[in-house]
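The values are calculated or read from the model by the stated rules, or taken from the named source; none is laboratory data. Since the model is a prediction, treat every value here as computed from it, not as a measurement. Here Cβ is always computed from backbone atoms with ideal geometry, including for glycine, and neighbour counts include all displayed protein chains.
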């Protein structure tokens, strides 16, 4: 065989070997022009993805680890000279877990490199991308070069989907299956862009360099400076770096702030911070508020959760509020702090032991007016008049009929600037039991129905100012006491229609302090001196009551729209008795000489932790009449043809007469009513007090004197509260869009009905809560005082994704608007825009925020709660 024949034979064997076994050994760079096809590559791969010349990327020759499979719809050509195979039209190449589908593929035998390109139009523009699939994951490219030996790749206009998001980069280099470096990339979670329903995302974040790190269970993006774009428009939201996790687990990340302006402290960033999970049961948020006029606030928050056991959080506010210009009279710098703790035990954790805490302590009564945390303005905390903290522990027993409870309470009153502290309170309650419980279990008669309630209480209480807390003055004023209560009651039915009840009550009290009053002629004041000594008192009382129910109904003829009116009356009479514990024989009361030398009685237990025993003999006959008035009317909308209308759900009239009183035997009469109208929408609650004795005013005086002239009834106080929740539904069911309009379509992600002229239609939904309050208090005053206000709170959805909300309050007496807030929110496809505004008043401020909705960003840039707990809204 000649040398030429041997050469041809070897070439044929080489081609067969390639086509059958596909064992390729080489590593050279492909040329830009295919000598046979004339197809020119659009990239020059003499440089890597970052523009650095390649010097040492060629590896020594090595065997392939698998078989290369190729196919194409149009043709498959091989070039022995260039040592490559070209595939045209619906081309596909498979090697191990990597599959590439493209319009054109070129495979170089020696280098192991694959060049793939998407389908082009007549002008050379890619109209259908190449798709690479590896381990079930799809990647889209305009052009890609992949080395099946090193498993490295360079791609242009690559599209990579990760969890709920997608990354698109001009140039991407794959170093291995775990590391991708992308140049001039953008990231978005827009669902429409992800599903290719829209060619442009409604938002994206753009960075010059993006590094994608893929792990077994999670992956993440690491970038340098990154900027948010909305509808391709750049925003001022720029971060120096970003770490975006793609994992179902909680991950650390930056918390994006809101921004705006507050009249008294300037422009701000509110809520800028960092989120850090700590193990499986804790996470930490550190937030900050920064203002251009020098104010700042730091807000750490630690959340914890143990499933089926307990959950809670610690939160704090610490900062300085700066107002005015330094050096001028209006300059001020105020330090504020707040400490809060919430703990809630799961009901399933331990039915015999519960522990709950709600602690909320602020630096001073002016905290809410000085803090720069705008959340307190928008949620209405600035209107708080009190701040209450409480810790409760309850212990029950399986075999003992007692319940032990202990609590600590701390109450701040911003109006009086006084603080009440209970440290601690404890009660031991014995479960109710019957003295003569029958064996059959059915109790009849007064004897068998006698039940006993008893318990023991221990209390420590003090009222002080903030500057004396936990100082010697506070401990000196601390009041300690113990109390035992025993009550017995029983009931039975008399004459079939009357319920008769008997009860008795006794209190035994021990205190560690008693009061001594003296008049000081030098100061012309009565001085209260508390002595530290153990003393006690016992009080008791008895009562009896009789109650029945009366019904009356008026039926109307068939032609009347009113079917019937029913009136239910529940009258009751009671008699109560308690001795005069002000008598000297009890030793509970003493006398002091006042400024005129008159002997004035007082109780040595006055101002004590459980109060003082009552003085004066009580032999009081009381009455109460409860009324319920309903009307039945004909109704075409009701299935029964009759609708029930409540005129008065409850109308109570009560009063009393003390037979033992020396004067003013009649008490003040009280009337209260509750009703609802317009299908139970309008709720009305009212109450009034009526003075039965004449009040006489002297000429020139606005303060009257109560006489014993009975029968001159006068109104002493009235209170009326109305609330009416409204919505578009109360005006009747509107015609559905599908019946009124024939066409149904979509504008971006909003659904509408269209008329014949192709104009979209949407029926806005809205709610409006109207609250009104009127109060009049007279007492012994000639004119009295009035309070009248009107409040509005509501929202309207102009479109399915536009929402406007707000609230305001108008003082009718002062003729001025109170606290007013306006806001709107826009729910985009993949993010939400919110704007809150307090337009006037002391807390004039606006706040603007953009938050991403994607779950995969919940720990990094999402605006909602990142934690596994749901803390108090003020945090």
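Which residues, taken from the stretch 569-606, are on the phi > 0 side of the Ramachandran plot and touching a strand residue (DSSP E or B) at 6+ places or on another chain (Cβ under 6 Å)? Residues satisfying the conditions do not exist here. Within the stretch 754-790, can you find the residues that are out of contact with any helix residue (DSSP H, G or I) (no Cβ under 9 Å at 6 or more places or on another chain), surrounded by fewer than 14 Cβ atoms within 10 Å (Cβ to Cβ) and touching a residue at least 24 places away in the same chain (Cβ under 8 Å)? 782, 783, 786, listed by residue number.
So that you can scan it fast, the table gives a plain yes or no per residue for (1) part of a strand (DSSP E or B); (2) buried (at least 22 other Cβ atoms within 10 Å of the Cβ); (3) modelled with pLDDT under 90:
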site	(1), (2), (3)
61	no, no, yes
100	yes, yes, no
103	yes, yes, no
110	no, no, yes
157	yes, no, no
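When every residue of the stretch 192-211 is checked against the conditions, at least one turns out to be in a loop (DSSP other than H, G, I, E, B), in contact with a strand residue (DSSP E or B) (Cβ under 9 Å, 6 or more places away or on another chain), more than 27 Å from residue 150 (Cα to Cα) and modelled with pLDDT under 90. Against the condition buried (at least 16 other Cβ atoms within 10 Å of the Cβ), at pLDDT below 95 and out of contact with any helix residue (DSSP H, G or I) (no Cβ under 8 Å at 6 or more places or on another chain), how does residue 642 come out, does it pass? Answer is no for this residue. Per the listing 554, 558, the residue uniquely over 49 Å from the mean Cα position of the chain (by Cα), assigned to a strand (DSSP E or B) and farther than 15 Å from residue 501 by Cα is 554. Evaluated against (1) assigned to a loop (DSSP other than H, G, I, E, B); (2) surrounded by fewer than 16 Cβ atoms within 10 Å (Cβ to Cβ); (3) touching a residue at least 24 places away in the same chain (Cβ under 8 Å), residue 216 falls short on exactly one condition, (3). Restricting attention to the stretch 120-132, does a residue exist that is in a loop (DSSP other than H, G, I, E, B), crowded, with 19+ Cβ neighbours inside 10 Å and either out of contact with any helix residue (DSSP H, G or I) (no Cβ under 8 Å at 6 or more places or on another chain) or free of Cβ contacts under 8 Å to residues at least 60 places away in the same chain (or both)? Yes - at least one qualifying residue is present in the stretch 120-132. Might you let me know whether the stretch 306-316 holds any residue that is over 18 Å from the mean Cα position of the chain (by Cα), free of Cβ contacts under 8 Å to residues at least 12 places away in the same chain and assigned to a strand (DSSP E or B)? No: the stretch 306-316 contains no residue that is over 18 Å from the mean Cα position of the chain (by Cα), free of Cβ contacts under 8 Å to residues at least 12 places away in the same chain and assigned to a strand (DSSP E or B). Cβ separations smaller than 7 Å between residues 6+ apart or across chains give the following pairs from the stretch 360-374 residues that are closer than 12 Å to residue 265 by Cβ to residues that are assigned to a loop (DSSP other than H, G, I, E, B) and modelled with pLDDT of 85 or more: 372/265; 372/295.
All conditions in (1) in contact (Cβ under 8 Å) with a residue 24 or more places away in the chain; (2) within 29 Å of residue 161 (Cβ to Cβ) hold for residue 110, with the sole exception of (2). Among the residues making up the stretch 417-443, those that are modelled with pLDDT of 85 or more and assigned to a loop (DSSP other than H, G, I, E, B) are 417, 435, 436. Residues in the stretch 142-152 that are modelled with pLDDT under 90 and assigned to a strand (DSSP E or B): 146, 147. Considering 621, 568, the condition of being closer than 20 Å to residue 657 by Cα and either in a strand (DSSP E or B) or within 50 Å of the chain's Cα centre (by Cα) (or both) is satisfied by 621 alone.
For every residue, the table says whether it meets (1) surrounded by 16 or more Cβ atoms within 10 Å (Cβ to Cβ); (2) in contact with a helix residue (DSSP H, G or I) (Cβ under 6 Å, 6 or more places away or on another chain); (3) modelled with pLDDT of 80 or more; (4) within 23 Å of residue 298 (Cα to Cα).
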residue: 224; (1), (2), (3), (4): no, no, yes, no
residue: 234; (1), (2), (3), (4): no, no, yes, no
residue: 238; (1), (2), (3), (4): no, no, yes, yes
residue: 244; (1), (2), (3), (4): yes, no, no, no
residue: 249; (1), (2), (3), (4): no, no, no, no
residue: 254; (1), (2), (3), (4): yes, no, no, yes
residue: 258; (1), (2), (3), (4): yes, no, yes, yes
residue: 261; (1), (2), (3), (4): no, no, yes, yes
